[in-house]
1. Once you keep just the Cα pairs under 8 angstrom separated by 6 or more residues, what percentage relative contact order results for the stretch 120-197?
2. If neighbour count is taken as other Cβ atoms inside 10 Å, put Leu83, Leu174 in order from fewest to most.
3. I'd like the Karplus ³J(HN,Hα) series for the stretch 78-83: coefficients 6.51, -1.76, 1.60, θ = phi - 60°, whole numbers in Hz, and an x wherever there's a Gly or Pro.
4. Roughly how many nanometres apart are two label points built 7 Å out from the Cα toward the Cβ at Glu179 and Ala99?
5. Listing Thr183, Thr170 from the residue with the fewest other Cβ atoms within 10 Å to the one with the most, what is the order?
6. Can you list residues whose amide H is under 5 Å from Phe40's amide H, if they're 5+ apart or on another chain and H is modeled 1.01 Å from N?
7. Which far-off residues, 5 or more places away or on another chain, put their amide H under 5 Å from the one on Leu119, with H placed in the peptide plane?
8. Each residue of the stretch 117-122 in turn: what ³J(HN,Hα) in whole Hz from Karplus with 6.51, -1.76, 1.60 and θ = phi - 60°, glycine and Pro shown as x?
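Each reported figure results from applying straightforward, stated rules to the coordinates on display, with no laboratory input. Note that the structure is predicted; figures quoted are calculated from it, not measured. No Cβ is skipped: glycine too gets one built from the backbone with ideal geometry, and neighbour counts run over all protein chains shown.
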Amino acid sequence: MDSMNGNKLWRHGVRLVILLSVFCSVSNTQAEPQSFNKRFNKGDALRLTIWQPWEVGASGKNQSFDVNGDYLIDNRGFAFFPLIGDVNVLSHNARTLSAELQEKFGAYMQDPIVVVEPLIRIALLGAFRKPGTYLTPPDESFWSLVDLAGGPADNSDLRKMYIERGGQVTKRDLLSGFEKAYTLRELGVQTGDQIFLPERKRFRFRDAFDIVRFTFSLINLYFLITKF
């Protein structure tokens, strides 16, 4: 009997600790309501984290399902999750989607605690060590995003790094943001943006030879024309 009471107290204690941690997480998120209330977009993604640390045998539910991870949003606005299948996420923000997923996963888990974090899609192009498209939280630091791409290459020119959106340059001189670890939101970065890091141009002997050869070609062309 004492053992059963001890197990109940332990479960209640674990639940209390988790609820307190979630409360702190929600409190921090409410400090940035723009992020927490951000609706999802097609082609973006979301990061799913579920806590369910205690085992339950009698109900048939258990905590062995590992569904944490990043999930893409397709061109219909749906994300596919293990166990529950497709979910339309376009009409949700992080708070309302967490509540819906908590209800759906509750059919398979005992009292799951669900946290959803929006991810935006950014392309890093040019002189990065690993250029490509990356998914990252909008409140991640710009430095962390560059680090995802392996950092700048040796031949990069950080002073000329810029952001392009829809074929138009929206921001230049990103070096200060890189050095001060500004967040992507603080820099005005949005999903679908492209960040370009140009290569540093180096003057080589071959370049000088090509310029001299081109100059002599122009001179020869001039004399040929003046003969007529």
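1. Normalised by residue count, the contact order of the stretch 120-197 is 42 percent.
2. Leu83, Leu174
3. 9, 10, 9, 10, x, 6
4. Output for this residue pair reads 4.6 nm.
5. Thr170, Thr183
6. Under 5 Å from the amide H of Phe40: His92.
7. Here Ala45, Leu46, Arg47 satisfy the definition.
8. 10, x, 10, 9, 10, 10
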